[in-house]
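Take a look at the structure set out below.
The values are calculated or read from the model by the stated rules, or taken from the named source; none is laboratory data. What you see is a predicted model; the values in this text were computed from it and never measured. In this analysis, Cβ positions are derived from the backbone assuming ideal geometry, glycine residues included, and neighbour counts consider all displayed protein chains.
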């Protein structure tokens, strides 16, 4: 195996390194492309299969993609700049809007980094609640992938099924956090609220519903000759190329490389639960589909263990400098009132320093880097978005393939444009 | 498990956020320090590429992240060990060695007057989009990068938004009760 092809710089590279201005000039010049069969084709940013607003510049020869370039930034809203204006308490409301299919992971990475700088340890129950919510979120995110992947490849019914199962999880999120998305539930110091009464039954109900429906997906897609023909051998990447391109998550694991932060560098309490890290063999679109489908099953396995092992205790740290006091204490204690007031007006101060924490999101390593200058807002907050970086593999996956396979490849990289553009 | 554990447990007793290693240990010719449990290497723009080649040969097989920080308005101590001259910008590169699970962070001092750093494309081509993002947001150029262009902002955009002297901007808020609704 070699990563030689991803190191190429010139015209033999899979990446079309052409600016939009240059592309427009070629497009406006009628004589420019007449000397050969190559055509520049624009796809997106508004295209049903581009998962939001991804735009691709494609250099085509007939139906074959020669070189391509993802053009991003259509959803850029300056969230890293915005984070410099928000206190650490408000920070989670900002980062949760990045990866809108898996918002709890961004909140978790932001909270872990803040806690690392604060030097605090959250209570056991908070750790397990975080793990429960994140694994359910991984399920909902991969179910969304199942839906969109099916839709992109013509299994339009699948879109409704994937959405249906995801909705069950989102309903649970609404019950716990009050919102279906953008929860602001995981916060530095713990979580926003304890799990409501009857959460166990609700989680069991979700698991019981999802299990047989995943078996239906197998009938509908996994074993289907048309489905396999469409995905197997399409968009192939080897391990060295994936590592060289900084790819993480299912994209890296599909090449046969078992790297999952939950196993390799455990955070939360992943040490205390059993699960398998799933890897592929060929690094093609089918492997990435199969990994995500089975990761739903592994997440369900983890959730069942959490149901058994959920400890009792506090759901957030009892440090009144970081988490607000319970409402009832404000009526009884002057100090509680002052703490409450200070936290919600000024925010808490975080010691000077810089730190980085990463979690395994459904798309790969999601990391947050914070530089603190000792005030109550981050001096700099950077998010390592897995979709943004995984997107770089796309030209290499599409090289010399058909444009129809391009749709399967976009889908199997599973980019969330909110997190790509931030 | 690596030294960089993602739980804050080990860091509870760390008083100061940044403690330079006592003996000024060096690695790949760069000064090593510790930041709440993370291994940090400090480099100048001139030493950067050579040290990264050494790190690459030493088994750091993946570049996990690359970003920058503009320290223009930073008033606290920056946690730089002795002998590292502070500059306005820092390029922050995170590497991972999958074999040992070790992570290192490299903080490269880049001058504000002439913000140029070498590109790592030939070592880890995955830095392509990240270096373009840093160029876009901070105006730091990466020498010998295959496509040094903006990535998130429009091509004809003026200025670099994540610089500290770039204003946040605002839009006027209109209240229902206000008489002068524009």
Subset of region B:135-147 (residues that are surrounded by 16 or more Cβ atoms within 10 Å (Cβ to Cβ) and facing chain A (nearest Cβ under 10 Å)) = B:136, B:137, B:145, B:146, B:147
Would a scan of region A:166-184 turn up a residue that is in contact (Cβ under 8 Å) with a residue 40 or more places away in the chain, over 30 Å from residue A:86 (Cα atoms) and within 14 Å of chain B (Cβ to nearest Cβ)?
-> no
Considering (1) out of contact with any helix residue (DSSP H, G or I) (no Cβ under 6 Å at 6 or more places or on another chain); (2) within 14 Å of chain B (Cβ to nearest Cβ); (3) within 28 Å of residue A:203 (Cβ to Cβ), say which one residue A:240 fails and leave the rest.
-> (3)
Report whether or not residue B:95 is touching a strand residue (DSSP E or B) at 6+ places or on another chain (Cβ under 8 Å), more than 8 Å from chain A (Cβ to nearest Cβ) and not in a helix (DSSP H, G or I).
-> yes
Given the structure, is residue A:85 more than 20 Å from residue B:132 (Cα to Cα) and within 12 Å of another protein chain (Cβ to nearest Cβ)?
-> yes
Taking the residues in region B:117-129 that are touching a helix residue (DSSP H, G or I) at 6+ places or on another chain (Cβ under 7 Å) and outside any loop (DSSP other than H, G, I, E, B) as candidates, determine which candidate is farthest from the other protein chains (Cβ to nearest Cβ).
-> B:117
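Quick one: which helices (runs of 4 or more DSSP H) lie wholly within region A:84-179 and hold at least 2 residues that are in contact with a strand residue (DSSP E or B) (Cβ under 8 Å, 6 or more places away or on another chain)? Break it down into steps so the answer makes sense when it comes.
Working: elements: A:88-95, A:103-118, A:124-152, A:156-177.
Helices (runs of 4 or more DSSP H) meeting the threshold: A:88-95, A:103-118, A:124-152.
Could you please let me know if residue A:230 is within 20 Å of the chain's Cα centre (by Cα) and under 30 Å from residue A:68 (Cβ atoms)? I'd like the intermediate steps shown before the answer.
Values: within 20 Å of the chain's Cα centre (by Cα): no; under 30 Å from residue A:68 (Cβ atoms): yes.
So residue A:230 does not fit the description; no.
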Those residues of region A:320-366 that are within 14 Å of chain B (Cβ to nearest Cβ), assigned to a loop (DSSP other than H, G, I, E, B) and either at pLDDT below 85 or under 16 Å from residue A:112 (Cβ atoms) (or both) come to a total of 3
Going through region A:240-282 one residue at a time, which ones are closer than 19 Å to residue A:14 by Cα and either surrounded by fewer than 21 Cβ atoms within 10 Å (Cβ to Cβ) or at pLDDT below 90 (or both)?
-> A:240
Checked region A:373-422 for anything away from every other protein chain (no Cβ under 11 Å) and in a strand (DSSP E or B); matches are A:402
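For residues that are in contact (Cβ under 8 Å) with a residue 40 or more places away in the chain and surrounded by fewer than 23 Cβ atoms within 10 Å (Cβ to Cβ), tally how many sit in region B:111-134.
The initial filter retains those residues of region B:111-134 that are in contact (Cβ under 8 Å) with a residue 40 or more places away in the chain, namely B:111-112, B:116-118, B:120, B:123-124, B:126-127, B:130-131, B:133-134.
Keeping just the survivors that are surrounded by fewer than 23 Cβ atoms within 10 Å (Cβ to Cβ) gives B:111-112, B:116, B:118, B:123.
Counting residues in region B:111-134 that are in contact (Cβ under 8 Å) with a residue 40 or more places away in the chain and surrounded by fewer than 23 Cβ atoms within 10 Å (Cβ to Cβ) gives 5.
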